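Each value in this text was obtained by applying a stated rule to the coordinates, not by laboratory testing. Here the structure is a predicted model, which is why all the values come from computation and not from measurement. Note: ideal-geometry Cβ built from the backbone for every residue, glycine included; neighbour counts use all protein chains shown.
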Amino acid sequence: MNLILLGPPGAGKGTQAQRLEESHGLVQLSTGDMLRAAAAAGTAVGLRAKALMDAGNLVPDEVIAELIGDRLDQLDAGQGFILDGVPRTTAQADAIDAMLAQKGRRLDRVIELKVDDELLVERVTGRFTCANCGQGYHDKFKRPKDEGKCDVCGGTDFKRRSDDNEDAMRARLQVYYKQTAPLLDYYRARGKLHSVDGMADMEDVAREIETALKVA
């Protein structure tokens, strides 16, 4: 099974992708990880991508598609994948579709995690983690049982991501709706899109995704 998870930053795509990896034996393909690995390995596409990034240029859609294709060649024929962070535009989606067709593969499902913008901003701007073990917390929804002390390791130092603030989050949402949201219609027209409530409890979201995967 080959999947894409779509949704704005903070919608929970990473959490659900990890669950799908474990429950279905899928491989999560992150463009950032693939770019770094290909550059380190000195592959032709990796070196091209590195040269572009070092020059401060965007990596073209066809290079992104080629990078994914190289990574797919390393997977067993029966291994499915989850695309993480790509496609971001309909042009990238076209390039990836063409590459998959050449390799005899296809996307099976595109899962949209639907969210409410205001609740999403509240969710993201309130989150923080234990600086020692990485356990996640939230100002409103999940505070440590003992104030100022991590439930897992007992650490007393906590940190927040620098971009987990309202201004940064709203800017990220604007980019998503401008560049990536058009993919919803793109995949809906192809009969691939299934939407789930991304604001529900994590377990409920996982169950909705499993139901969507069973749709013929």
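Taking the chain as a Gaussian network of alpha-carbon nodes connected by springs under 10 Å, the highest mean-square fluctuation of the residues 97, 73, 117 belongs to 73. Where is the GNM fluctuation largest for the chain (alpha-carbon springs, 10 angstrom cutoff): 143, 106, 123? Per the Cα network of the chain with a 10 Å cutoff, 143 tops the list. Shape of segment 15-78 from the C-alpha gyration tensor: prolate (a/c of 1.5 or more and a/b above b/c, with a ≥ b ≥ c the square roots of its eigenvalues). Amide H contacts of residue 138 (H built 1.01 Å from N, in plane; Pro and chain starts excluded): 128, 143 sit under 5 Å, all sequence-distant by 5 or more or on other chains.
Charges on Cβ only, +1 for Lys and Arg, -1 for Asp and Glu, centred on the Cα centroid of the chain; of 101, 186, 82, which one is farthest towards the dipole's positive end? Value computed over the given set: 101. Between helix 90-102 and the chain, what is the angle of the helix's C-alpha long axis to the longest principal axis, kept within 0 to 90° and rounded to the nearest 10? Once rounded, the angle reads 50 degrees. Could you tell me the relative contact order of the chain? Use alpha-carbon pairs under 8 Å, at least six residues apart, and round to a whole percent. Reported relative contact order: 26 percent. Relative to the dominant Cα principal axis of the chain, helix 202-213 is inclined by about 20°. Between 199, 53, 99, the residue with the greatest mean-square fluctuation in the GNM of the chain (Cα pairs under 10 Å linked by springs) is 53. This structure gives Kirkwood radius over Cα pairs in Å, computed directly, and of [x] 18.9; [y] 19.5; [z] 17.7 that value is listed as [x].
Under 27 Å of direct C-alpha separation, and excluding same-chain neighbours fewer than eight residues apart, residue 140 reaches these lysines: 13, 114, 149, 159.
For segment 167-180, backbone phi angles converted through the Karplus equation (6.51, -1.76, 1.60; θ = phi - 60°) give residue-by-residue couplings of 4, 5, 5, 5, 5, 5, 5, 4, 4, 4, 5, 7, 9, 9 Hz, Gly and Pro being listed as x. Near the amide H of residue 149, within less than 5 Å, lie no amide hydrogens of residues on another chain or at least 5 residues away, with H placed in the peptide plane.
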